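Let me begin by presenting the structure, written as structure tokens, before commenting on it.
The values are calculated or read from the model by the stated rules, or taken from the named source; none is laboratory data. Every value quoted in this text rests on a predicted model; they were computed, and no experiment measured them. Virtual Cβ from ideal backbone geometry, glycine too; neighbours counted across all protein chains shown.
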Amino acid sequence: MNCIVVDDNKMARTAIKLLIAQVDFLHLKQECATPVEAFNYLQTEEVDLVFLDVEMPGMTGIELVKNLERRPIIILITSKKDYAVEAFELNVADYIIKPVNLARFTMAVSKAKELFDNKDHVVEANEKDKDYIFVRANSILTKIQLTDIIYIQALGDYVNIYTGEKDKRFTIHCTLKSMEEKLPATKFYRLHRSYLVALDHIDTVEDNTAYVGKNYLPIGEQFKKDLLKKLNLV
């Protein structure tokens, strides 16, 4: 995976570069001292993964991510926990608190590698009256019944499809918007910018949370009113 490091602190960049050197599948292409430098680099170069500091002068790492039209896999690295909610909203692969040790770094890049390895897995389109979809995994097309899908989580340009079959998960290269367009609106609802849920699998709704089995999903304020209508509230 081609990667870059973006941090205004030279010692911090050096620390991440030393960790990258210990992972065989990572190839460092560039180090950037400012978000603007990274933005310009990403406009012309193919980068799979960005190790990105959050607090930097001029533009924060979070602002950089929001401004990227073509977004690589992102691992945010910061000395504070304050940005965790924003990181969640941006669907980054991981959020690491400095100082970064090898064990935590390895965990983060393993998540990124899983996303990268599934980048060619696409959902095969079907007419909306179909009761199934196909996903491509390791060059094999696998049928998933719509009734088995519990919810779908956005991860930037990827999604996780969670099914009821032993909590099986499919990670594919596809946007949540694209998934929403492929699935029947009578059975699935976008209850948050990062979640699409199967209406039949919602057990309870409390305040801004939908409980789906043992999982609890956030409900965006702008989606709540329509969700209650979809649930046939009496």
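Tabulated data for the structure shown
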read-out	value
Elements of type strands (runs of 3 or more DSSP E) contained in the range 133-232, each with 2 or more residues being within 26 Å of Lys111 (Cα to Cα) and not assigned by TED's automatic domain parsing to the domain that holds Ala87	140-145, 149-155, 158-163, 169-173, 188-192, 195-198, 209-212, 215-218
Search result, residues across the range 44-53 that are farther than 16 Å from Glu31 by Cβ and assigned to a loop (DSSP other than H, G, I, E, B)	Glu46
Options Leu19, Leu52, Leu68, Leu64; residue that is more than 20 Å from Asp117 (Cα to Cα), touching a helix residue (DSSP H, G or I) at 6+ places or on another chain (Cβ under 9 Å) and at pLDDT below 90	Leu68
Test: residue in the range 30-48 that is at pLDDT 95 or above and closer than 15 Å to Leu19 by Cα	yes
Residues that are among the charged types (D, E, K, R) and surrounded by 15 or more Cβ atoms within 10 Å (Cβ to Cβ), drawn from the range 64-88	Arg71, Glu86
Where Met56 falls short, out of the listed (1) crowded, with 18+ Cβ neighbours inside 10 Å; (2) not in a loop (DSSP other than H, G, I, E, B)	(2)
Qualifying positions in the range 4-30 - part of a strand (DSSP E or B) and either surrounded by fewer than 19 Cβ atoms within 10 Å (Cβ to Cβ) or in contact with a Pro (Cβ under 8 Å, 6 or more places away or on another chain) (or both)	Val6, His27, Leu28, Lys29, Gln30
Close pairs from the range 202-215: first within 21 Å of Thr186 (Cβ to Cβ), partner aliphatic (A, V, I, L, M) and exposed (fewer than 13 other Cβ atoms within 10 Å of the Cβ), Cβ under 8 Å, at least 6 apart	Val205/Leu228
Residues that are within 23 Å of the chain's Cα centre (by Cα), modelled with pLDDT under 90 and among the basic types (Lys, Arg), drawn from the range 188-234	Arg193, Lys214, Lys224
Positions within the range 77-95 being under 15 Å from the mean Cα position of the chain (by Cα) and outside any loop (DSSP other than H, G, I, E, B), in sequence order	Ala84, Val85, Glu86, Ala87, Phe88, Glu89, Leu90, Asp94, Tyr95
